[in-house]
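Data block below; observations after.
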Amino acid sequence: MIDVPNQLFIDGAWLDAADRATMPVHDPATGEVIRHVADAGPKDALLAEDAAVRVQEEWAATAPRVRSEILRRAYEIILSRTDELAALMTAEMGKPLAEARGEVAYAAEFFRWFSEEAVRVDGGYGVLPDGRNRMLLMRRPVGPCLLITPWNFPLAMGTRKIGPAVAAGCTMVLKPAPQTPLSSLALARIMQEAGLPDGVLNVVTTSKAGDVVEPMLRGGRIRKLSFTGSTQVGRLLLAQSADTVVRTSMELGGNAAFIVFDDADLDAAVDGAMTAKMRNMGEACTAANRFFVHRTVAHRFAERLAERMGALVVGPGTRPGVDVGPLIDETGRAKVQELVNDAVQRGAEVLVGGTTPDGPGHFYPPTVLTGVDPDSRLMSTEIFGPVAAILTFDDEDEVVRRSNDTPWGLVGYVFTQQLDRALRVSERLEVGMVGLNTGLVSNPAAPFGGVKQSGLGREGGRVGIEEFLEYKYIAVPV
Ligand code: NAP
């Protein structure tokens, strides 16, 4: 495995936790401990915050081209180490190596994208309506940021935040998920190699998220929180951010509807379903959670999907030919099984999968359920596993209403060959993103994010850097 530091990265130095505490990192395919890393407490977080605050002004004053080239170098280093980084991610998170390689490319692309954006931050000049006053508009970095990431995309969730923060001239403290700290530590080392000055990025791995994060949010020096994770934790962090009016970006949970109309190209719909459901073993915020299939094609769609899902190879992500790795931990797997049991008790039919296998590792088989009762818990809960729950519908208004009947609004998928219907439904879905005849929406050049309780703000695209910039208006009488 790639040699990754197991200490905290603070002010350009690798340090043990002040109390020398460490925490284990497990391989979800075996349950075994693969490494121990430093387990930070509030004292360590304060040191990291001090460093970020101290270098903020100097970092903001660096030439955009300098920041751009650091990101570009980091992009190249990441790509040159694709295999090592992929193996690291598979070891701590479980996804198959081919998917991990895909994530490395996706993660690196955020750095390339934001290296290009760093030099395109513009301001403005305007004559005010009175004809006498002038307006100058400057863009300034928002200030020291706290970045909190989940375990499901250990590298890409980091680069999606670090890229725009570096481009905008912000300093930062990154707190990765405790299940997957190694990818973030590897990333910190790469940023160092790419020439990022000391203190700009600090990485604090911890199993005590609340103790470490809350003082930073309430302390008044952190000016921006960028969080990716569950809606439940997002709400809590929004509340903690309120006292000191910390600016927030929230990339939260989803409950995606996957809609297949009777005129859809069924092959394309099944391909799209495989991507939207099975990417990352279903452990994705963008995962299709509720399949609404027109009654006239539902049977054919379900059979074909079950055939494809049933043919997937489940096993350790390191094994060649494996399509589906383990889920992240036993809690995650038990939740998936409970949701399946609940649906079955309410009358769902299991076409394939549905039972937890014996043996080590947190594996769960690809599962297709039909005849799902709309009151089943998996309709209102992120499944976060390889389970496709299929329901039927009869008309467009009905399916739009049912798709929108959720507090979440991250993404929806629509399969139809009628352009007018495609546009109508895309407009009416209460989501931040729509996959139209595709099961994949994520792209660093596009604004990623949700509406309703799926979040606030966007990551990636032209707007991604905006989240890390403030406007400053200067009034000038002439
Ligand atoms: P999570 O439990 O909300 O945790 C996310 C991060 O928040 C972790 O680093 C976690 O660390 C930390 N955290 C938890 N409680 C905290 C607290 N009180 N104070 C500060 N930090 C705290 O989510 P997860 O299980 O890691 O990830 C899965 C969730 O992320 C799903 O809901 C998924 O939809 C969402 N997600 C959304 C997007 C998106 O872009 N919209 C992308 C990927 C994932 P600890 O584990 O130590 O508590």
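The values are calculated or read from the model by the stated rules, or taken from the named source; none is laboratory data. Keep in mind that this is a model prediction, so the values were computed, not measured. So basically every Cβ, Gly included, is an ideal-geometry build from the backbone, and we count neighbours across all protein chains shown. Protein only, heavy atoms only, side chains kept; ligands, DNA and RNA dropped before computing areas. Shrake-Rupley method; radii C 1.70, N 1.55, O 1.52, S 1.80 Å.
Here the accessible area is traced with a 1.4 Å probe on the protein chains. For region 207-354, carbon and sulfur cover 51 percent of it.
Find out how many positive minus negative residues lie around S184, taking Lys and Arg as positive, Asp and Glu as negative, among other residues whose Cβ is under 12 Å from that of S184. Here the count lands on +2. Amide H contacts of A21 (H built 1.01 Å from N, in plane; Pro and chain starts excluded): D39 sit under 5 Å, all sequence-distant by 5 or more or on other chains. When the listed pairs K224/K335; K175/K277; K95/K208; K161/K224 are checked against a 23 Å cut-off, the alpha-carbon distance exceeds it for K224/K335; K175/K277; K95/K208.
Working note: Karplus 6.51/-1.76/1.60 with θ = phi - 60° gives region 47-58 the couplings 4, 5, 5, 3, 4, 4, 5, 4, 8, 4, 5, 5 Hz, where Gly and Pro are set to x.
Compactness of the chain, taken as the C-alpha radius of gyration over 2.2 N^0.38 Å, stands at 1.00. Spin-label model, S426/R20: points 7 Å from Cα along the beta carbon direction are separated by 6.0 nm.
Against the main long axis of the alpha-carbon atoms of the chain, helix 64-80 sits at an angle near 40°.
Placing a label point 7 Å from the Cα of E349 along the Cα-to-Cβ direction, the residues of region 389-414 with a backbone N closer than 16 Å are 389-393.
The reciprocal of the average 1/r between distinct C-alpha atoms defines the Kirkwood hydrodynamic radius, which for region 98-156 equals 15.3 Å. With the whole protein complex present, K208 retains an accessible surface near 60 Å², based on a 1.4 Å probe. The value obtained for region 1-93, namely the Cα convex hull volume divided by the number of residues, is 110 Å³ per residue. Each of the peptides 257-266, 469-478 was scored by the mean count of other Cβ atoms within 10 Å over its residues; in descending order, highest first, they stand as 257-266, 469-478. Projecting each Cα onto the charge dipole of the chain (Lys/Arg +1, Asp/Glu -1 at the beta carbon, about the Cα centre), which of Q192, A100, V270 comes out farthest on the positive side? Comparing the listed Cα positions along the dipole, Q192 ranks first.
Using 0.36 nm per residue and subtracting the Cα-Cα separation, the extra length available between A445 and N404 on full extension is 12.1 nm. In region 239-324, if every C-alpha pair distance is counted and binned at 10 Å from zero, what percent goes to each bin? Values per bin, smallest distances first: 15, 36, 24, 13, 10, 1. With the highest mean first, a sort of the peptides 163-175, 400-412 on other beta-carbon atoms found within 10 angstrom per residue produces 163-175, 400-412.
By a 1.4 Å probe calculation restricted to protein chains, H294 has an accessible surface near 20 Å², given to the nearest 10.
At a probe radius of 1.4 angstrom, the accessible area of the chain per residue rounds to 39 square angstrom. Secondary-structure-derived ellipticity at 222 nm for the chain, considering helices only, amounts to -12500 deg cm²/dmol, per-run term -39500 (n - 2.57) for DSSP H runs with n ≥ 4. Taking amide hydrogens as placed 1.01 Å from N in the peptide plane, the amide H of G412 sits under 5 Å from those of M433, V434, G435, each at least 5 positions away in sequence or on another chain.
Considering region 256-443, its Cα convex hull presents a mean projected area of 10.1 nm². Cα axis of helix 82-93 to longest principal axis of the chain: angle in degrees, 0 to 90, nearest 10? On a 0 to 90 degree scale, this one is about 70.
When Rg and the Kirkwood Rh are both derived from Cα coordinates, the Rg/Rh ratio for region 352-478 amounts to 1.11. Along its three principal directions, the equivalent ellipsoid of region 417-478 from the Cα gyration tensor extends over semi-axes of 32, 15, 12 Å, largest first. Look at where the Cα atoms of region 188-213 and of region 409-424 average out, and the two centres are 41 Å apart.
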